[in-house]
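See structure below.
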Amino acid sequence: SDEDYLRLCRASGRSEDLVRRLLVLGRSDEAAEAAKAAPAHEFLNLSKIIYAAGHTQLAEQILRDQIEQMEARNVLGVLQQVIDWTLARNAPAEALPLARRLLGQAKSLAAYQQVRKIAGLVGRWSEIQTELLQELEKEKNFVLLTQIYVEEGRVDDALAALTQAEKTKQRSYY
């Protein structure tokens, strides 16, 4: 029976089979609970299965809940997935704070570019750009500032940031 199969999946740690069968049975809330209870290395994949089954907001909520409980080094991939799904449902205003959080943790040019793209979609780029550059200056992240200024064609600002990076012995590792 289905219940026997589910019991076997639970007992043997077959989280993916458990989630798939629960979804087939129309028990999406139980599938979400199973995904949340799965080992950390499995829950992102399980969330993708739930998402692919059409339960997009449920999958997104699973990831949002997990982000709060994860260690910083593990959160970046999950955060990016939530951003991608949020954008896929055409909700850039919801994706923007997530993208800013990702930038705050990743401190990368790619994360900055993503914030720029999303902020542009909601018509807030000039305001947010000023805030971000001020934050990076305050943090003395001269390497990232140099990368940003070069990309934006602000040569004088890039050279000034590079000089500061050299003075503080910051190096770029990319």
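General remarks:
- In units of the compact-protein estimate 2.2 N^0.38 Å, the chain shows a Cα radius of gyration of 1.33.
- Accessible surface for the stretch 6-95, divided over its residues, is 54 Å² per residue with a 1.4 Å probe.
- Leu159 paired with Asp84, simple spin-label distance in nm, labels 7 Å along Cα-to-beta-carbon: 4.1 nm
- With Cα atoms, 0 to 90° folded angle of helix 28-37 axis to the chain main axis: 60 degrees
- The chain: angle of helix 15-24 to the longest principal axis, Cα-based, in degrees nearest 10: 70 degrees
- In the chain, the DSSP-assigned H stretches of four residues or longer account for a calculated mean residue ellipticity at 222 nm of -25000 deg cm²/dmol, using -39500 (n - 2.57) per stretch and the full residue count as denominator.
- Radius 13 Å from Cβ of Ala88, net charge of other residues (Lys, Arg +1; Asp, Glu -1): -1
- Taking each of Lys48/Lys117; Lys48/Lys140; Lys48/Lys138 in turn, the alpha-carbon distance tops 30 angstrom for Lys48/Lys140; Lys48/Lys138.
- Extension gain from Glu152 to Lys107, taking 0.36 nm per residue of separation minus the Cα-Cα distance: 14.5 nm
- Order by protection proxy (mean Cβ within 10 Å, highest first), peptides 106-113, 59-66: 59-66, 106-113
- Rounded tilt (10° steps) of 109-121 against the dominant C-alpha axis of the chain: 80 degrees
The values are calculated or read from the model by the stated rules, or taken from the named source; none is laboratory data. Since this is a predicted model, take the numbers as computed values, not measurements. So basically every Cβ, Gly included, is an ideal-geometry build from the backbone, and we count neighbours across all protein chains shown. The protein model used for the area step is the full one, side chains on, heavy atoms only, and it has no ligands, DNA or RNA in it. Shrake-Rupley method; radii C 1.70, N 1.55, O 1.52, S 1.80 Å.
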